[in-house]
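Participant: Please find one structure pasted underneath; my questions will follow.
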Amino acid sequence: MSPRAAWRLEGLGFSPVYDYVPGKVDWFAAGLPKEGKLAEIPTVGEAARPDVPMCSSEEKASEVWRRTEAAGWDRCVVVNEERIVLGLLRDKDPGADPEATVEEAMRLGPTTFRPDTPVEKVAERMRKRGVSAVLVTSSDGKLVGVLYRDDAERVVGVQL
Amino acid sequence: MPKAVFRDEVRRIVEEQGAQLVEVLPREEYEDEHLPGAINISLKELDAQTTAGLRKEAPVIVYCYDYL
């Protein structure tokens, strides 16, 4: 639809005309601001904690875990230099080998949600599946933060 | 010829060149949610009269829902 609109506008004398091909789905999935009726509905992007610890896959898992615990967190997100999520490190993952790398210890393919997903929907899924936290990533896989079920339920509770 | 752009470029063109955002979906979809500052002119209503409020000297960025 937007390519036809772009050509139409050029025909009407506008220049330059750009076509944002991926459209508003792409914009909202990146957690960028929106306007309109649905803008008032709390989203996981707003409820997520953006300061969750991060590490690279080359680091020693035991050292990463020590650092994570000292900072008061129960998980560390494994990302690359572009902040793309590669995995997740939880409490027992480092194992007994002090030399093991994060690559060897991490959990692959953690569940993620897009920032524009309504928090109420995710809170319900987390409650049903007994999940304590999920990652929030943009449509291109970049880490936005971690959403704890407690935070999600608090937001939903406030809404009710 | 219209140029395809992606998210980062959209943000840059809006910030640096004051581009005008136009959502070409029907009114109800626009009212639900749209990009900040965007106006709504549906594709079916896109003519000289409905675009009269747009500035000819500034870039225009059109968008709809997704790739389709």
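Participant: Enumerate the calculated ³J(HN,Hα) couplings along the range A:88-97 in order (Karplus 6.51 cos²θ - 1.76 cosθ + 1.60, θ = phi - 60°), each rounded to whole Hz, writing x wherever the residue is Gly or Pro.
Facilitator: Working through the residues one at a time gives 9, 10, 10, 4, 8, 4, x, x, 8, 7 Hz.
Participant: Follow-up question, since we're still on this one. Given the pairs A:Lys24/A:Lys92; A:Lys34/A:Lys60; A:Lys24/B:Lys56; A:Lys142/B:Lys56, which span a C-alpha to C-alpha distance of over 32 angstrom in this model?
Facilitator: Numbers: A:Lys24/A:Lys92 40 Å; A:Lys34/A:Lys60 41 Å; A:Lys24/B:Lys56 24 Å; A:Lys142/B:Lys56 37 Å.
Exceeds cut-off: A:Lys24/A:Lys92; A:Lys34/A:Lys60; A:Lys142/B:Lys56.
Participant: Oh, and also: For the protein assembly as shown, what does the accessible surface come to per residue with a 1.4 Å probe? Please give it in Å².
Facilitator: 53 Å²
Participant: Sticking with this one: Summing Lys, Arg as +1 and Asp, Glu as -1, what charge do residues with Cβ under 15 Å from the Cβ of A:Ala29 carry, A:Ala29 excluded?
Facilitator: Once all neighbours under 15 Å are counted, the net charge is 0.
Participant: What chymotrypsin sites (Phe, Trp or Tyr not before Pro) does the range B:1-67 have in DSSP loop regions with at most 14 other beta carbons within 10 Å?
Facilitator: B:Phe6, B:Tyr67
Participant: Something else now. Rounded to the nearest 5, what % of the DSSP beta bridges within the protein assembly as shown are antiparallel ones?
Facilitator: Values: 17 of 33 bridges.
Among the beta bridges of the protein assembly as shown, antiparallel pairing accounts for roughly 50 percent.
Participant: Counting GluC sites (Glu not before Pro) as exposed when in a DSSP loop with at most 12 other beta carbons within 10 Å, what is the longest stretch of chain A free of them? Kindly include the intermediate steps, with their values, before the conclusion.
Facilitator: On the way: sites that count: A:Glu58, A:Glu81, A:Glu82, A:Glu99.
Excluding the exposed sites themselves, the longest stretch runs over A:100-160.
Participant: Where Lys and Arg each count +1 and Asp and Glu each count -1, what net charge lies around A:Val17 among other residues with Cβ under 12 Å from its Cβ?
Facilitator: After counting each charged neighbour, the total is +2.
Participant: Would you work out which of A:Gly72, A:Val119, A:Ser139 lies farthest towards the positive end of the dipole of chain A? Charges go on Cβ: Lys and Arg +1, Asp and Glu -1.
Facilitator: Farthest towards the positive end: A:Val119.
Participant: Nearest 100 Å², what total accessible surface is buried between chain B and chain A (probe 1.4 Å)?
Facilitator: Between B and A, the summed buried area is about 3800 Å².
Participant: Moving on to the next point. How big is the Cα convex hull of the range A:17-56 in projection, averaged over all directions, in nm²?
Facilitator: Working: hull surface 19.3 nm².
Averaged projected area of the range A:17-56's Cα convex hull equals 4.8 nm².
Participant: Can you work out ³J(HN,Hα) from phi for every residue in the range A:8-25, in order, using Karplus 6.51 cos²θ - 1.76 cosθ + 1.60 and θ = phi - 60°, giving whole Hz and x for Gly and Pro?
Facilitator: 4, 5, 4, x, 8, x, 8, 6, x, 10, 10, 10, 7, 4, x, x, 5, 4
Participant: Something else now. With loop defined by DSSP as not H, G, I, E or B, and exposure as at most 13 other Cβ atoms within 10 Å, which is the longest segment of chain B clear of exposed trypsin sites (Lys or Arg not before Pro)? Kindly include the intermediate steps, with their values, before the conclusion.
Facilitator: On the way: sites that count: B:Arg55, B:Lys56.
By the stated rule (loop sites, at most 13 other Cβ atoms within 10 Å), B:1-54.
Participant: Can you show me the helix-derived [θ] at 222 nm for the protein assembly as shown, built from DSSP H runs with n ≥ 4 at -39,500 (n - 2.57) apiece and divided by the number of residues, rounded to the nearest 500.
Facilitator: The per-residue figure over the protein assembly as shown is -9000 deg cm²/dmol.
Participant: How large a share of the accessible area of the range A:44-156, in percent, is made up of carbon and sulfur atoms when the probe is 1.4 Å and the other protein chains stay in place?
Facilitator: Carbon with sulfur: 47 percent of the solvent-accessible area.
Participant: How well do other chains shield peptide A:123-133, expressed as the mean number of their Cβ atoms within 10 Å of each residue Cβ?
Facilitator: 0
Participant: Determine the dipole magnitude for the range A:44-156: charges of +1 sit on the beta-carbon of Lys and Arg, -1 on that of Asp and Glu, nothing else is charged, the reference point is the Cα centre, and the result goes in debye to the nearest 20.
Facilitator: Working: 18 positive and 22 negative charges, 117 e Å.
For this selection, approximately 560 debye.
Participant: Once you compute Rg and the Kirkwood Rh from C-alpha atoms, what is the Rg to Rh ratio for the range A:56-160?
Facilitator: Computed over Cα atoms, the ratio is 1.01.
The values are calculated or read from the model by the stated rules, or taken from the named source; none is laboratory data. Just so you know, these numbers come straight off a predicted model, no measurement behind them. As a convention, Cβ positions derive from the backbone with ideal geometry for all residues, glycine included, and neighbour counts pool all protein chains shown. Heavy atoms of the whole protein, side chains included, go into the accessibility calculation; ligands, DNA and RNA do not. Shrake-Rupley method; radii C 1.70, N 1.55, O 1.52, S 1.80 Å.
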